[in-house]
1. Name the shape class, rounded, prolate or oblate, that the alpha-carbon gyration tensor gives for segment 67-116, where a ≥ b ≥ c are the square roots of its eigenvalues, rounded holds for a/c under 1.5, and otherwise prolate holds if a/b is larger than b/c and oblate otherwise.
2. Between their Cα atoms, which of Lys28/Lys81; Lys13/Lys89; Lys28/Lys56; Lys121/Lys142; Lys56/Lys121 are more than 18 Å away from each other?
3. Hey, what's segment 17-150 come to in accessible area per residue, 1.4 Å probe, Å²?
4. Mind checking the full-extension length gain between Glu59 and Lys76? Use 0.36 nm per residue of separation minus the Cα-Cα distance, one decimal, nm.
5. In whole percent, and with a 1.4 Å probe on the protein chains, what portion of the accessible area of the chain is carbon and sulfur?
6. Throw me the Rg/Rh for the chain, computed over C-alpha atoms with Kirkwood Rh, two decimals.
7. If I stretch the segment between Arg26 and Asn129 completely, what's the gain in nm (0.36 nm per residue apart, minus their alpha carbon distance), one decimal?
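The values are calculated or read from the model by the stated rules, or taken from the named source; none is laboratory data. Remember, predicted model here, so these are calculated numbers, not experimental data. Side chains are part of the model used for accessible areas, which takes the heavy atoms of the whole protein and leaves out ligands, DNA and RNA. Shrake-Rupley method; radii C 1.70, N 1.55, O 1.52, S 1.80 Å.
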Amino acid sequence: MCSDEEVMRHFPKTLSEEETTELINRLKEHFDIYGYTYFAIDVLETGEFIGFAGLKNQEWESDFTPCVDIGWRLKKAAWGKGYATEAAKACLDAGFQTFGIKEILSFATDTNVASENVMKKCGMKYVGNVQHPAILNDSRFKHCVVYTQYS
Ligand SMILES: CC(C)(COP(=O)(O)OP(=O)(O)OC[C@H]1O[C@@H](n2cnc3c(N)ncnc32)[C@H](O)[C@@H]1OP(=O)(O)O)[C@@H](O)C(=O)NCCC(=O)NCCS
């Protein structure tokens with residue numbers, strides 16, 4: 001999934017297997033500390049892994065951070081079936097009810113219509129734009145939209 005150029009087209013680059021393992025390890029560490037992370041998504045009927053969605057603390061500097069964000073990434077074959085929206089709604093509920101988080105934000109480049117639609121379909125509201133420092137120098141990703149939801 002992380003090495004697929006289409007899946008990663010709103011990110012600076014695809015990830016190698018080693019970089020993906022590092023990402024998974026960072027997500028596991030986050031889970032050990034906070035109890036939440038970007039969770040794996042399996043199709044319940046088949047057990048097939050199709051991607052991730054979840055909650056993560058974001059510490060990079062901006063008007064909207066530090067915060068807890070919600071994010072998602074699915075294998076291409078799983079797109080367009082409502083899985084991202086279903087997973088996102090479940091993660092928002094868990095964030096507010098299980099983990100007592102007061103506000104959850106979501107970020108996407110303004111060209112990532114699919115991701116912004118997931119935010120809207122979860123009931124999140126647009127609150128502004130931000131520049132992510134990690135992608136500041138890449139003109140493709142200059143503008144990110146920010147959505148929020150309160151508990
Ligand atoms: C973002 C992502 C998870 C959305 O997955 P998905 O399967 O399209 O999500 P859902 O089916 O739950 O719903 C998304 C909504 O956006 C719509 N949509 C999807 N792709 C779209 C596109 N390119 N243009 C316009 N609308 C789009 C869908 O039709 C759906 O709305 P609908 O139910 O009213 O038809 C998926 O595209 C993905 O993994 N992208 C790559 C990783 C990524 O960019 N992650 C987000 C980083 S911020």
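1. Working: a/c = 3.10, a/b = 1.51, b/c = 2.06.
Judged from the Cα gyration tensor, segment 67-116 comes out oblate (a/c at least 1.5, b/c at or above a/b).
2. Details: Lys28/Lys81 27 Å; Lys13/Lys89 28 Å; Lys28/Lys56 11 Å; Lys121/Lys142 24 Å; Lys56/Lys121 20 Å.
Check vs 18 Å cut-off fails for Lys28/Lys81; Lys13/Lys89; Lys121/Lys142; Lys56/Lys121.
3. Details: 7770 Å² over 134 residues.
Heavy-atom SASA per residue in segment 17-150 reads 58 Å².
4. Numbers: separation 17, 0.36 × 17 = 6.12 nm, distance 2.91 nm.
Roughly 3.2 nm would be gained on extension.
5. On the way: 4610 of 8840 Å².
Within the chain, the accessible surface is 52 percent carbon and sulfur.
6. On the way: Rg = 14.7 Å, Rh = 15.9 Å.
That ratio is 0.93, to two decimals.
7. 34.4 nm
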